[in-house]
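The values are calculated or read from the model by the stated rules, or taken from the named source; none is laboratory data. Keep in mind that what you see is a predicted model, and the values were worked out from it rather than measured. A quick note on method: Cβ atoms are made from the backbone with ideal geometry, for glycine too, and the neighbour counts reach across all protein chains shown.
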């Protein structure tokens, strides 16, 4: 997890909400409109535009050897 939680807290509240909602929907087996599968990786990128800036969150769907 590293410092991802600390970095996420530095995002604007609206962006944190959008990323949180996308991760929650992934937990339910759904896909958020801002989520896009990354080619060649078992990861999903969430892109959120806010006041002229773009924020990205990435989560993995599977890690070899882990549940």
**Request:** Just give me the residues in the stretch 33-57 being within 15 Å of residue 16 (Cβ to Cβ) and in contact with a strand residue (DSSP E or B) (Cβ under 7 Å, 6 or more places away or on another chain), in sequence order.
**Result:** 34, 46, 47, 48, 54, 55, 56, 57
**Prompt:** Among the residues of the stretch 14-30, is there at least one that is outside any helix (DSSP H, G or I), at pLDDT 90 or above, out of contact with any strand residue (DSSP E or B) (no Cβ under 8 Å at 6 or more places or on another chain) and surrounded by 10 or more Cβ atoms within 10 Å (Cβ to Cβ)?
**Reply:** yes
